[in-house]
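Down below is the structure, laid out as structure tokens.
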Amino acid sequence: MNEKIKNYATGDSIEFLQTATETSGEVSRFIMTLSANSSWAKSPMHFHPYQKETFKVVSGELNLKIGNQQMVLNASSGKVVVEKFVSHSFWNGTNSETTFLAEIYSPRNIEKGLRLTYKLSQQGKVNRNNLPFNPFYTLLLMSYFDSYFRLIPWKLQRFLFMQGGKLAMFLGYTDEL
């Protein structure tokens with residue numbers, strides 16, 4: 001049976017089809033459903049140095065920005081691949097839900113980050129923009145997501161997020177809520 005999780009802050013949900021454990025770390029496949037009019041929870045422009053992502057819309061419309069190119073995907077659009085180190089962002093700006101298939105090669109700890117975000121939302125510990133109220137959880141999440149922003153050298157960000165994640169765990173903040 002596929003695992004389903006819900007984000008209570010945004011209304012989004014994820015159904016894991018294949019996990020990193022099931023594929024020996026090769027890929028994570030999941031169906032993500034974004035709530036209607038949830039562009040306020042837009043993922044910030046980010047990139048992954050170790051992961052390639054794909055997006056394939058099942059229903060609705062998905063706004064996707066890759067580098068400077070912005071596109072709107074629907075069910076008749078093909079699969080879009082975002083390569084490593086390419087900045088991207090996605091959101092739903094429509095009046096109805098958007099559902100898409102996401103694949104992440106190799107997933108590393110992203111599933112841990114997603115599960116923790118959704119657990120925090122269930123406990124009211126993230127705001128409407130999906131950010132934890134507690135900065136230690138933010139550091140822990142960033143160490144799991146392995147996502148970086150262009151303005152600061154990514155290896156410096158990685159070092160800070162990894163050390164911050166270790167500090168958060170040392171202080172008792174874990175993904176076992």
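The values are calculated or read from the model by the stated rules, or taken from the named source; none is laboratory data. Quick caveat: nothing in here was measured; it's all calculated off a predicted structure. When we count neighbours, we look across all protein chains shown, and the Cβ atoms used for this are built from the backbone with ideal geometry, even at glycine. The protein model used for the area step is the full one, side chains on, heavy atoms only, and it has no ligands, DNA or RNA in it. Shrake-Rupley method; radii C 1.70, N 1.55, O 1.52, S 1.80 Å.
Assorted remarks:
- From 113, 172, 165, residue being of a type in the set (Gly, Ala, Ser), farther than 17 Å from residue 7 by Cβ and assigned to a helix (DSSP H, G or I): 165
- Filtering the stretch 39-46 for residues that are under 29 Å from residue 156 (Cβ atoms), assigned to a loop (DSSP other than H, G, I, E, B), at pLDDT below 95 and open to solvent by less than 40 Å² (accessible area, probe 1.4 Å) leaves a non-empty set.
- When the stretch 80-106 is limited to residues that are without any contact (Cβ under 8 Å) to a residue 40 or more places away in the chain and within 23 Å of residue 35 (Cβ to Cβ), the one that is least open to solvent (accessible area, probe 1.4 Å) turns out to be 82.
- When the criteria are applied in full, residue 52 meets the requirement of being open to solvent by 30 Å² or more (accessible area, probe 1.4 Å), in contact with an Asp or Glu (Cβ under 8 Å, 6 or more places away or on another chain) and touching a residue at least 24 places away in the same chain (Cβ under 8 Å).
- Residues that are in contact with a Phe, Trp or Tyr (Cβ under 8 Å, 6 or more places away or on another chain) and under 13 Å from residue 47 (Cβ atoms) were ranked within the stretch 150-177; the one that is least open to solvent (accessible area, probe 1.4 Å) is 157.
Quick grid of which residues meet (1) in a loop (DSSP other than H, G, I, E, B); (2) closer than 16 Å to residue 5 by Cα:
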| site | (1), (2) |
| --- | --- |
| 65 | no, no |
| 77 | yes, no |
| 86 | yes, no |
| 89 | no, no |
| 108 | yes, no |
| 124 | yes, yes |
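- Within the stretch 149-177, tally of residues that are more than 20 Å from residue 49 (Cα to Cα) and either among the acidic types (Asp, Glu) or without any contact (Cβ under 8 Å) to a residue 40 or more places away in the chain (or both): 11
- The condition of being assigned to a helix (DSSP H, G or I) and among the basic types (Lys, Arg) holds for only one of 158, 128, that being 158.
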